[in-house]
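Here the structure comes first, spelled out in structure tokens, and everything after it is commentary.
The values are calculated or read from the model by the stated rules, or taken from the named source; none is laboratory data. These numbers were taken from a predicted model, which means no experiment stands behind them. Here the Cβ positions follow ideal geometry from the backbone for every residue, glycine too, while neighbour counts run over all protein chains shown. In case anyone asks, the SASA skips ligands and DNA or RNA and just uses the protein heavy atoms, side chains included. Shrake-Rupley method; radii C 1.70, N 1.55, O 1.52, S 1.80 Å.
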Amino acid sequence: MTERIYLSKPHMGGEEIKFINEAFEANWISPAGPNITNFENELGQYLDGINVAALSSGTAAIHLALIILGIQRNDEVICSTFTFSGTCNPIVYLGAVPVFVDSEPSTWNMDPVLLRTCIEDRIAKGRKPKAIIAVHLYGMPAKMDEIMQVAHEFNIPLIEDAAEALGSAYKGKKCGTFGDFGVLSFNGNKIITTSGGGALTSHNQDWIEKAKFLATQARDKAVHYQHSEIGYNYRLSNICAGIGRGQLQVIENRVELRRNKFDTYFKGLSPNSIQFLTEPDGHFSNRWLTAVLLPKRINVYELISFLESKNIETRPLWKPMHLQPIFHQYPFYSNSLSNNLFEGGVCLPSSSNLTIGEQDKVIQFMKEFMEN
Ligand SMILES: *Cc1c(COP(=O)(O)O)cnc(C)c1O
């Protein structure tokens, strides 16, 4: 059997093991230690000087952001429908109500016009939303000027889910630095990984201190263990942070490699009437995954199973949250776009360490399928 071609796999830079060894030598095998502090500082520097809390996952980061913003039971929180469930699960952890908003065609991310319609309608119903979670899906920055304009106008805090968008930028400014909070993920399939991990970012240092406090069981300043608030065990380990430090050293290269994969697919497949999402002016995508739209005559699942028979992993685009059995009862503001994307799209193998030969194979099999 030929070696499996994965959708997105880890790609170590080389220095990770050095930072892990340092942790072992100093016996910092815990959710505290110098790799954590250094990882936070280095990530903060990469993101133009923002404050960072290193956490156990991106989902944990969203959970803490919502808690710090004071989200309570039955509050409404607006969320992109076209995303991964990690974006909106934390809303439900808090007993709050997700309100889903559809995408717009130039970025596939939250439609700012529909966002306004949604907010006005919720206010008319006496249910002013308490927060907005906007996602940069597949690394493509959302229309941040327009979304932030609406958020400011109605004075609603904004959480930016940049889990897939480390290294992406909008009008020269890095994703993860726009919102009241930014969220990153270092899960194994993301552009850089700590094997599992995440981060919360904010320009508000007090909020980041609060996040670190909540992430370590909300322990009061006392010799004994005393708690005045409910805490969480959400801190990143010093070992994982060591992996993160090594990965951060190569982030720019990983962005370049992922963007090259996109360009190669574009050259190879756009003549076969496959549609690619191009970058609107001012949008710089890390191209975490190359996601394409297929002509109507192509059945996505047949294509996926054909490629699977060649030991190539591909995947439909994210199934929108309003179509998920567990979320379908929640309010949804639709323009049908995310339904169409889900029905007609596929994600292609996009690892930064995908070889030229492997990518060529994917392109050849895609063409073979399209031509038959
Ligand atoms: C991966 C991901 C998350 C969650 O991150 P984890 O670290 O896996 O918890 C949230 N939102 C989006 C869009 C993601 O892709």
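For Gly86, the requirement of being open to solvent by 10 Å² or more (accessible area, probe 1.4 Å) and either not in a strand (DSSP E or B) or not acidic (Asp, Glu) (or both) is not met. Residue-level check: of (1) part of a loop (DSSP other than H, G, I, E, B); (2) closer than 27 Å to Asn74 by Cβ; (3) open to solvent by 10 Å² or more (accessible area, probe 1.4 Å), Pro129 misses just (3). Given the condition among the β-branched types (Val, Ile, Thr) and under 19 Å from the mean Cα position of the chain (by Cα), answer yes or no: does some residue in region 255-265 qualify? Yes, that holds for at least one residue. The set of residues in region 101-126 being in a loop (DSSP other than H, G, I, E, B) and under 18 Å from Phe82 (Cβ atoms) consists of Asp102, Glu104, Pro105, Ser106, Thr107, Trp108, Asn109, Asp111.
Selection over region 281-293 of residues that are out of contact with any Phe, Trp or Tyr (no Cβ under 8 Å at 6 or more places or on another chain) and touching a residue at least 60 places away in the same chain (Cβ under 8 Å) gives a count of 1.
Of the residues making up region 182-192, just one is away from the ligand (no atom under 11 Å from the Cβ) and assigned to a strand (DSSP E or B), namely Gly182. The condition of being outside the structural domain of Gly282 (by TED's automatic domain parsing) and either within 11 Å of the ligand (Cβ to nearest atom) or closer than 27 Å to Leu257 by Cα (or both) holds for Phe178. Among what's in region 193-225 and is of a type in the set (A, V, I, L, M) and not in a loop (DSSP other than H, G, I, E, B), pick the residue that is nearest to the ligand (Cβ to nearest atom). Once the filter is applied, the top-ranked residue is Ala199.
I'd like the residue in region 156-175 that is of a type in the set (Lys, Arg) and part of a strand (DSSP E or B) and, out of all such residues, is nearest to the ligand (Cβ to nearest atom). Out of the qualifying residues, it is Lys174. Of everything in region 24-72 that's part of a loop (DSSP other than H, G, I, E, B) and small (Gly, Ala, Ser), which residue is least open to solvent (accessible area, probe 1.4 Å)? Of everything passing the filter in region 24-72, Gly33 is least open to solvent (accessible area, probe 1.4 Å). Does at least one position in region 257-273 carry a residue that is hydrophobic (A, V, I, L, M, F, W, C), out of contact with any Ser or Thr (no Cβ under 7 Å at 6 or more places or on another chain), surrounded by 22 or more Cβ atoms within 10 Å (Cβ to Cβ) and more than 11 Å from Ser352 (Cβ to Cβ)? Checked region 257-273: no residue is hydrophobic (A, V, I, L, M, F, W, C), out of contact with any Ser or Thr (no Cβ under 7 Å at 6 or more places or on another chain), surrounded by 22 or more Cβ atoms within 10 Å (Cβ to Cβ) and more than 11 Å from Ser352 (Cβ to Cβ). Being free of Cβ contacts under 8 Å to residues at least 40 places away in the same chain and within 24 Å of Tyr46 (Cβ to Cβ): is that true of Asp206 here? Spelling it out, Asp206 is indeed free of Cβ contacts under 8 Å to residues at least 40 places away in the same chain and within 24 Å of Tyr46 (Cβ to Cβ). Taking the criterion of being touching a residue at least 40 places away in the same chain (Cβ under 8 Å) and not in a loop (DSSP other than H, G, I, E, B), the residues of region 305-322 that qualify are Phe306, Leu307, Ile312, Arg315, Met321, His322. Scanning region 324-367 for residues that are of a type in the set (A, V, I, L, M) and open to solvent by less than 40 Å² (accessible area, probe 1.4 Å) yields Leu337, Leu341, Val346, Leu348, Leu354, Val362, Ile363, Met366.
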